[in-house]
Amino acid sequence: MAYLQARRDFLKIATTGVSASVLIPGSLGALGDVALKGEDKFIRSICEMCSSRCPMEARVVNGKTVLIQGNSFSKEIGTSLCAKGVAGASQLYDPQRLVTPLIRVGKRGENKWREASWDEALSLISRKFSALKERYGARSVIFSAKTGEQYDLLRSFASAYGSPNIFSHWSSCPIAIESAFAHTFGEKLYRDFENSTYILNFGHNLFEGIDIPLTKMMAHFSANPSKKLVVFDPRFSVMASKADEWYPIKAGSDLAFVLSLLHVWIRDGKFDKRFVDEYTIGFHQLADALKETTPQWQQSLTGIDAKVVERIAAEIYAAAPKCIIDWGHKATTTKAEYQRTRAILIANILMGNVEKEGGIFFAKTAERINALAGEKAVPELNNPYPRPRIHEPRLDGAGEEGEHRFISRSHGILQAIPDAILSQKPYAIKGWFLTRHNPLVTVAYPQKMKEAMEQLEFIVVNDVYLSDTAMMADVVLPEATYLERDEGISKYSFKSPVYAMRNRIVQPINHTKNLIEIIRDLAERMGFGSHYAWKNITELRAFQAKGDAELLQTLLMRGVASFDVPPLLARCSSSVERFCERYPKSHLLKDTQGLFSHMLHSLKTPSGKIEIFSAEIEKAFKGYGVPRAVDMDVTQGYPYVLTSGKSAVHTNGHTQNIPYLNMLLSSNPIWMHPNTAKAHGLKMGDTFYLQNAISKEKATVFITEGIRPDTLFAYMGFGRDAPALKRTHAKGTNPSKLLSLESATLCGAMITNVGVNIVKA
């Protein structure tokens, strides 16, 4: 309360002692005291301007959002929020956002619509999807969304409908990383940046793909002169600017450098032998595979001097276990991305930093904490989105025998969709339901994706804007923004569990709906409403919280719920001891060294151990059971490689039209080295073409020494074909139009590093 009062006192001072003559007419400040009359409160929620979903809070005056910042009750966030986060109100009140359902009246993609009521729109969707199921089977309809609660809900709905074809954005972004973790540890691990002393970073640009807690940790790390950050990236990113050393490595060659690091450590016996012997399998297969990956070998592939490999290997070993070889979260992937990430994970393993301070660690979920404590230390949650297994083959074969057997059935391969639709193989695809998913911007070869969508009988898009993909829909549903939505409880588990909940900040404009309302309504209309144990958001939350009123009240008032659980690292004796002092029953689980070593003896891998070598993968994909030097060519015979990635103010294809963010970055000129520009007679701002066998795309030049001469870079999400989005339409270049539908071996990742020519306009 003191916090709230302090803010009110500040605002009172700020709005009363200023001459009206210096204020802009019509501005909030010009209203004076009127602005602060009536309802004045803070509401805590979760941001949704990117997939990080940071806890946030909004100040509401007279029913309008006037301030957005980080959630003051969140220790990791504080009041910090990135530019995307604070732009929520700019999206909420954007005149170009959708607030009424639309039904297509012209040809598909012609941008001719009529307004409809919610009842008419949902009735039409129900009839059409029921008819498609009757005529072609439930598998004929595709469902897709980004990950998060909306994806969980849509996946549940698809299962109830009977379709196996649910897709997330995984194959266009993190699937290589997620696959490498699954095959090495059985689950994803996290990084203890704040306590590390040495970080080796490969293109993981936290200052542009912002995750507030991690970014704050990295900012503190890079500002500490006693710690060292080394960055390998073909361009001088914001992360590179914070580094002690930056190496412009050749695009796609990270794998070669990491394999050389591993070679040096194994050659010299400078790795944690005890950890490797006790917790891993497959070390000898690794050693055999790396006999030739010397520092000299990698030099011609990466452009990095062999002496650098030797020195960095020695520095990391000296810092271990308080070191992190950072795998990153790249939107830019190569065929080698899976092997690269596996090699990085194994580099951490050899340094023995798993479950060590300053290293990497498993998420401490409520279930894991309670099992260790021997009591209910943290409330556990029900899953409100049931997911019955559908025993139908997927259109992409994900999770089934064949080339995609190791790819999750829950996420699939987006790149497989166009060919499946156009060929009608393995069976007919006739419908598609998309929520907040824009594959005509974010997925490779959108030209072919658009051609495929033209063949579908019925498409539904749920979105805030009339996006490129929404233009192809039969029905467009105007989703409520995250500031207008109540949703369920989200888990944030790191060294200890944290829950957060999205609470509605303001009333939905023009009665826009959230996906929970839409799906529940459609389920009732289509005859499977009993699939869900809840009928509305209040019941959903109560079911999820198992009736824990105290937990729900905390989440309603604070937006986050943390628990008095000591942060836990299973191989850190002081951490284990603090945990045991709090929960005496956990003493029984300690080993002779006073550690919870059993945590690493029963992993979700086939062997139950950390798998440096995977026998299952080797059997299905010879040569992939252990990292090897494969799939590193990214140019396909072209002189330049085009890379792409996030900017600090935009999220993939979601935010480019939001007024505030569009003002900050409205286009994406192509980064080009001065020598490259000179060779092609180009000056700053000149127009040129990027060309390969897939397409020829117009672009403009941004000349900078912060990139390799053989590399080009574009921020993703531009080059849009959405006439309704006037700030974004036809501005910039869409790199996806130059990408093929090829997928990386084993993991199915979309290949976004691509060879191109520079052609003068």
Which numbered condition residue 292 misses (of (1) surrounded by fewer than 17 Cβ atoms within 10 Å (Cβ to Cβ); (2) not in a loop (DSSP other than H, G, I, E, B))
(2)
Residue in region 51-80 that is surrounded by the fewest Cβ atoms within 10 Å (Cβ to Cβ), counting only those that are of a type outside the set (S, T, N, Q), closer than 26 Å to residue 151 by Cβ and out of contact with any helix residue (DSSP H, G or I) (no Cβ under 8 Å at 6 or more places or on another chain):
53
Note on residue 592: of the conditions (1) in a helix (DSSP H, G or I); (2) surrounded by fewer than 17 Cβ atoms within 10 Å (Cβ to Cβ), unmet is (1)
Can you name the number of the only condition in (1) out of contact with any strand residue (DSSP E or B) (no Cβ under 6 Å at 6 or more places or on another chain); (2) surrounded by fewer than 23 Cβ atoms within 10 Å (Cβ to Cβ); (3) farther than 18 Å from residue 337 by Cβ that residue 286 fails?
(2)
Is it true that residue 96 is buried (at least 18 other Cβ atoms within 10 Å of the Cβ) and either polar (S, T, N, Q) or in contact with a His (Cβ under 7 Å, 6 or more places away or on another chain) (or both)?
no
Provide a single number: the residues in region 423-448 that are closer than 20 Å to residue 748 by Cα and buried (at least 23 other Cβ atoms within 10 Å of the Cβ).
9
All but one of (1) closer than 20 Å to residue 236 by Cα; (2) in contact with a Pro (Cβ under 8 Å, 6 or more places away or on another chain) hold for residue 715; state the number of the condition that does not hold.
(2)
What about residue 328, is it closer than 30 Å to residue 575 by Cα and under 20 Å from the mean Cα position of the chain (by Cα)?
yes
So for region 338-347 (the condition being in contact with an Asp or Glu (Cβ under 6 Å, 6 or more places away or on another chain), surrounded by 18 or more Cβ atoms within 10 Å (Cβ to Cβ) and more than 14 Å from residue 199 (Cα to Cα)), does at least one residue qualify?
yes
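Report yes if some residue within region 500-508 is more than 24 Å from residue 51 (Cβ to Cβ), β-branched (Val, Ile, Thr) and surrounded by fewer than 19 Cβ atoms within 10 Å (Cβ to Cβ); otherwise report no.
No; the residues of region 500-508 include none that is more than 24 Å from residue 51 (Cβ to Cβ), β-branched (Val, Ile, Thr) and surrounded by fewer than 19 Cβ atoms within 10 Å (Cβ to Cβ).
Here is a yes/no grid of residues against (1) more than 15 Å from residue 560 (Cα to Cα); (2) in a strand (DSSP E or B); (3) free of Cβ contacts under 8 Å to residues at least 12 places away in the same chain:
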| residue | (1), (2), (3) |
| --- | --- |
| 455 | yes, no, no |
| 459 | yes, yes, no |
| 498 | no, yes, no |
| 504 | no, no, no |
| 510 | yes, no, no |
Flag if residue 755 is touching a residue at least 60 places away in the same chain (Cβ under 8 Å) and part of a loop (DSSP other than H, G, I, E, B):
no
Taking the condition of being in contact (Cβ under 8 Å) with a residue 12 or more places away in the chain, surrounded by 13 or more Cβ atoms within 10 Å (Cβ to Cβ) and of a type outside the set (Ser, Thr, Tyr), how many residues in region 524-551 meet it?
14
Report, by residue number, each residue of region 369-395 that is buried (at least 16 other Cβ atoms within 10 Å of the Cβ), in contact (Cβ under 8 Å) with a residue 24 or more places away in the chain and closer than 14 Å to residue 563 by Cα.
369, 373, 377, 378, 379
Subset of region 97-142 that is small (Gly, Ala, Ser), more than 31 Å from the chain's Cα centre (by Cα) and not in a helix (DSSP H, G or I) - its residue that is farthest from residue 470 (Cα to Cα)
137
Lone qualifier among 726, 698, 683 - being assigned to a loop (DSSP other than H, G, I, E, B) and under 20 Å from residue 440 (Cα atoms)
726
When only residues in region 195-219 that are surrounded by fewer than 21 Cβ atoms within 10 Å (Cβ to Cβ) and at pLDDT 95 or above count, which is nearest to residue 325 (Cα to Cα)?
197
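Residues checked against (1) under 21 Å from the mean Cα position of the chain (by Cα); (2) not charged (D, E, K, R):
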| position | (1), (2) |
| --- | --- |
| 345 | yes, yes |
| 368 | no, no |
| 388 | no, yes |
| 392 | no, no |
| 400 | no, no |
| 418 | no, yes |
| 421 | no, yes |
| 429 | no, yes |
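For (1) assigned by TED's automatic domain parsing to the domain that holds residue 463; (2) touching a residue at least 12 places away in the same chain (Cβ under 8 Å); (3) aliphatic (A, V, I, L, M), each residue gets a yes or a no:
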site: 60; (1), (2), (3): no, yes, yes
site: 68; (1), (2), (3): no, yes, yes
site: 71; (1), (2), (3): no, yes, no
site: 74; (1), (2), (3): no, yes, no
site: 77; (1), (2), (3): no, yes, yes
site: 86; (1), (2), (3): no, yes, yes
site: 120; (1), (2), (3): yes, yes, no
site: 124; (1), (2), (3): yes, yes, yes
site: 130; (1), (2), (3): yes, yes, no
Given the options 368, 389, name the one that is among the charged types (D, E, K, R) and not in a loop (DSSP other than H, G, I, E, B).
368
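The values are calculated or read from the model by the stated rules, or taken from the named source; none is laboratory data. Computed from a predicted structure; not experimentally measured. Ideal geometry is used to build each Cβ from the backbone, glycine not excepted, and the neighbour counts take in all protein chains shown.
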